[in-house]
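Let me begin by presenting the structure, written as structure tokens, before commenting on it.
The values are calculated or read from the model by the stated rules, or taken from the named source; none is laboratory data. Keep in mind the model is a prediction, meaning the values are calculated, not measured. For neighbour counting, all protein chains shown are included, and Cβ atoms are generated from backbone atoms with ideal geometry for every residue, glycine included.
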Amino acid sequence: MRIRSMTRVAGAAALAALFGAPAFAADYPVLRGSQIEDAPPNPSLSTGPYNWTGFYFGGFGGLSQTRFRTDKGVLDIARGAFNGTSVLNDLDPGQLVLTSPRSDRGSTFGAFAGYNFAFGDAVIGFEAEYSRVDQSTSASTLEARQVSSGSMAIASVQDARLNDYINARIRLGYAYGMWMPYFTAGAAAGRFDTNIAVAAGWASSNGTNYYGWPRVLGGAKKDVWGYGYSIGGGLEAAVTDNLVIRGEYLFSSFNDVEGVTVNVNTARVGAAVKF
């Protein structure tokens, strides 16, 4: 009897353990590695499209070549020196003061600021710039001719220095993620020091009607403003959300600055802080 009782107790314990196991196991999580989904990426590490919209300012440095050549203004001064004489019937004094184009080159630096508007991948911006150049050339001529009415002589100096210039431009770009090639064009104004002068003399064949030597027109001037345009293009790259670097080529032209036309070719690199 005692053995039979113990057998019944053991059986009851086994049944209790069998039916109680699910409830006991339900209190603990089951690790199923094959069913765990990958954790979402950290938003701070995602690389979405760069936002080109915003204000920026920065600086640049590079190399410039400034080209000076005789323009209509010097020719008009030379012709005006012989008004009232018969020399104009024989030749054009303006052709006697023509000079070959001359160039100066060197470093340039400056600062710029602007604002971009992004419309999808298309970017439209407005930019203002100051450039320090400080390049100059000198030229002079001396010619004498025997004409039907007597003899004439004409001399000229054509010195000019481009100190600096400012421009305001529109920029049209197209963004490829963190890269943006662009085209730019706008108006420019340059500050020059000039010494443009013509000295002329004429005497009739009989020695009368001597008009004096020299008759001088023009002279030295400081801080003369010349106006023109700028055009060019470049490539910008966003290094971070707030730092942009660029490489750029710019051509600027100033027409008839006291009789001299000035063209500036510039290759430069720059960096800007964007907000």
The lone condition ASP256 fails out of (1) modelled with pLDDT under 95; (2) over 30 Å from SER86 (Cβ atoms); (3) in contact with an Asp or Glu (Cβ under 6 Å, 6 or more places away or on another chain) is (2)
Residue hits (the range 106-133; over 17 Å from the mean Cα position of the chain (by Cα) and either closer than 30 Å to ASN89 by Cα or in a strand (DSSP E or B) (or both)) are PHE117, ALA118, PHE119, ALA122
**Prompt:** Is it the case that some residue within the range 180-191 is over 14 Å from the mean Cα position of the chain (by Cα), assigned to a strand (DSSP E or B), at pLDDT below 95 and in the same structural domain as VAL87 (by TED's automatic domain parsing)?
**Reply:** no
Considering the range 87-103, residues that are part of a loop (DSSP other than H, G, I, E, B) and free of Cβ contacts under 8 Å to residues at least 40 places away in the same chain, and then whichever is nearest to VAL198 (Cα to Cα), we arrive at ASP92
Counting only residues that are farther than 15 Å from SER252 by Cβ and crowded, with 17+ Cβ neighbours inside 10 Å, the range 116-142 contains a total of 8
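A quick yes/no check of all residues on (1) in contact (Cβ under 8 Å) with a residue 60 or more places away in the chain; (2) surrounded by fewer than 16 Cβ atoms within 10 Å (Cβ to Cβ); (3) within 30 Å of ALA238 (Cα to Cα):
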position: ASN83; (1), (2), (3): no, yes, no
position: ARG105; (1), (2), (3): no, yes, no
position: GLN146; (1), (2), (3): no, yes, no
position: ILE170; (1), (2), (3): no, yes, yes
position: GLY177; (1), (2), (3): yes, yes, yes
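Each row is one residue, and each column tells you yes or no for (1) farther than 30 Å from ALA118 by Cα; (2) in a loop (DSSP other than H, G, I, E, B); (3) not small (Gly, Ala, Ser).
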| position | (1), (2), (3) |
| --- | --- |
| THR194 | yes, no, yes |
| VAL198 | yes, no, yes |
| TRP202 | yes, no, yes |
| ALA220 | yes, no, no |
| GLY228 | no, no, no |
| GLY234 | no, no, no |
| VAL244 | no, no, yes |
| PHE254 | yes, no, yes |
| ARG268 | no, no, yes |
**Message:** Quick check on GLU143: is it under 27 Å from TYR176 (Cα atoms) and either assigned to a loop (DSSP other than H, G, I, E, B) or acidic (Asp, Glu) (or both)?
**Reply:** no
Given the conditions (1) in contact (Cβ under 8 Å) with a residue 40 or more places away in the chain; (2) under 26 Å from the mean Cα position of the chain (by Cα), every one holds for ARG215 apart from (2)
ask   = What about VAL239, is it of a type in the set (A, V, I, L, M, F, W, C), assigned to a strand (DSSP E or B) and either surrounded by fewer than 21 Cβ atoms within 10 Å (Cβ to Cβ) or at pLDDT below 95 (or both)?
value = yes
TODO: Test SER156 against the criterion of being touching a strand residue (DSSP E or B) at 6+ places or on another chain (Cβ under 6 Å), assigned to a strand (DSSP E or B) and crowded, with 21+ Cβ neighbours inside 10 Å, and give yes or no.
DONE: yes
